[in-house]
Amino acid sequence: MKVTIFGTGYVGLVTGTCLAEMGNHVVCVDVDAGKVERLKKGDVPIYEPGLEPMVIRNHAEGRLDFTTDAAPAIAHGDVVFIAVGTPPDEDGSADLQYVLAVANTIGDHIDRYTIVVNKSTVPVGTADRVRAAVAERLKQRGVDVPFDVVSNPEFLKEGDAVEDCMRPDRIVVGSSSERAIERLRKLYAPFNRNHDRMVVMDERSAELTKYAANAMLATKISFMNEIANIAEHVGADVELVRRGIGADPRIGYHFIYPGAGYGGSCFPKDVQALARTAHSVGYDARLLGAVEAVNDGQKSRLFALLSKHFDGNLKGRTVAVWGLAFKPNTDDMREASSRRLMEQLWDAGAQVRAFDPEASDEARRIYGERDDLVLVAHPYDALEGADALAIVTEWKAFRSPDFQRVKSLLRTPVIVDGRNLYDPAIVEEAGLAYYGIGRGRSL
Ligand code: UGA
């Protein structure tokens, strides 16, 4: 099939590449000419395991191309995906200007039956707005071209994006048009292993499904962080509690890891946007507000622990930070807990020496050159001359450090672990003070 994708961010680029991999002819459109040129050369601007070789191969074999030129790209596609960003507005609701701008462009150029598929995470009712925008442009052109709008949210995770896209656990298709549903069934057939993974529903339900999924996962995390905080007060170990409850299949082991809070481009934004949507229709989404509030508090936990350890005086101290990305296997620092920690440390007059396997360039881009941030190339380099080690991201490289070496490099032997990577007994046996999240001794 011939496919056009607007937006070469995470969702657009991964979806386009996976559709090309399945034999479709895909053209990706982006307004950023520099990015398009890089992609044509096989230079993928994001760090995503497995993506770059797939982009290079499909581009070389003629199934995947990149352009800034919308008109021929729209003429190419029988199916046109919208996968552009929906950043939060000032009040937390999703900003639809990019989605609607693409809808306008589509309306300006289509000249045969086209399926417009929205993959961006958008508030309920956006499919109607996209439909109206396309229809309005067709009216202005004085033409009557048939089209359908489908809501087809994406559920891929950064770091596992290619795998999630190639082996989805469900494909949500929101549409009231049988014709569009049948075409998408064909397009997605190669992704339907063993049994049909397509869940067909109306547009609004599909749009809400995306928010509900992310809000549910964020809720699990905040719930567990709340239990961690209670555990600290009552002298229990949340890691044991986690194992104890995860064994119940109705609860499950996924997404119940307490920590320094969730970050990334999705959970914080989507929980807020869903709360705004609810508010806009007169419903007070109390649970979502609490999920956000708990997460906000959690992002300050590492600083609070350090501050307590050093009796509220961090001025002139140096803290080694392991992990800057919002989670492992990505270089993405959007809403990362590391940012809150570093900013609080700087405000308190402390210095940061940070190591991340992938996100150093991103940190440099965000913070520029500054005296109180030293980015190092090896985990142990971060410890030199540091008073404490804070772990913010659970990269594999941090899982089993040489605690003796850590101890000998730190000026004061203390680890503040925002991801509960270690057995407290082992760290303490090595002669280091150890604070985890919800481990009964961190108050
Ligand atoms: C999330 C969802 O998991 C995807 O299903 C969804 O498609 C995506 O958002 C999206 O809407 O595009 P992502 O933001 O890439 O994916 O990352 P996650 O793996 O979900 O992690 C989010 C955050 O939660 C990370 O900061 C992670 O450290 C934190 N987390 C996760 C915890 O603190 N505890 C856990 O148990 C799990």
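Bear in mind that the values in this text are calculations on the coordinates, not laboratory data. All values reported here derive from a predicted model rather than from experimental measurement. Methodologically, a virtual Cβ is constructed for each residue, glycine included, from the backbone with ideal geometry; neighbour enumeration extends over all protein chains shown.
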*asked:* Please flag any cysteine in the chain that has no other cysteine's Cβ under 4.7 angstrom from its own Cβ.
replied: Cys28, Cys266
*Efficiency by 1/(1 + (r/R0)^6): what FRET value for Asp160 and Asn104, r their Cβ-Cβ distance, R0 = 30 Å, to the nearest 0.05?*
0.35
*asked:* Once you keep just the Cα pairs under 8 angstrom separated by 6 or more residues, what percentage relative contact order results for the chain?
replied: 12 percent
*Just the ratio, please: alpha-carbon radius of gyration of the chain over 2.2 N^0.38 Å, N its number of residues.*
1.07
*By how many nm would the segment from Arg197 to Glu384 grow when fully extended, if each residue of separation counts as 0.36 nm and the alpha-carbon distance is taken off?*
62.2 nm
*asked:* If each residue of separation counts as 0.36 nm, what is the full-extension length gain between Ile426 and Asp111 once their alpha-carbon separation is subtracted?
replied: 106.6 nm
*R0 = 30 Å: FRET efficiency of Leu240 with Ala304, Cβ-based, nearest 0.05?*
0.85
*Once amide H atoms are placed 1.01 Å from N in the peptide plane, what residues at a sequence separation of 5 or more from Leu373, or on another chain, have their amide H within under 5 Å of its amide H?*
Val352
*Past the 29 Å Cα-Cα mark, which pairs from Lys269/Lys308; Lys157/Lys407; Lys2/Lys41; Lys119/Lys220?*
Lys269/Lys308; Lys157/Lys407
*asked:* For segment 1-125, what does the relative contact order come out to in percent, with C-alpha contacts under 8 Å and a separation of six or more?
replied: 29 percent
_If each residue of separation counts as 0.36 nm, what is the full-extension length gain between Lys41 and Arg364 once their alpha-carbon separation is subtracted?_
113.8 nm
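Helix hunt in the chain: which complete DSSP H runs extend at least 24 Å axially by C-alpha with mean Kyte-Doolittle at least -0.5?
Length and hydropathy pass: 203-234.
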*What is segment 235-366's relative contact order, in percent, from Cα pairs under 8 angstrom and six or more apart in sequence?*
23 percent
*Lys, Arg +1 and Asp, Glu -1 on Cβ, resulting dipole of segment 1-129 about Cα centre, debye, nearest 20*: 440 debye
*Each label point is 7 Å from the Cα along the Cα-to-Cβ direction; what then is the distance between the points at Asp169 and Asp91, in nm?*
3.5 nm
*Please report Cys165, Cys28 as a ranked list, fewest other C-beta atoms within 10 angstrom at the top and most at the bottom.*
Cys165, Cys28
*Based on DSSP, what percent of beta bridges with both residues in the chain are antiparallel, to the nearest 5?*
5 percent
*Please report Phe303, Phe403 as a ranked list, fewest other C-beta atoms within 10 angstrom at the top and most at the bottom.*
Phe403, Phe303
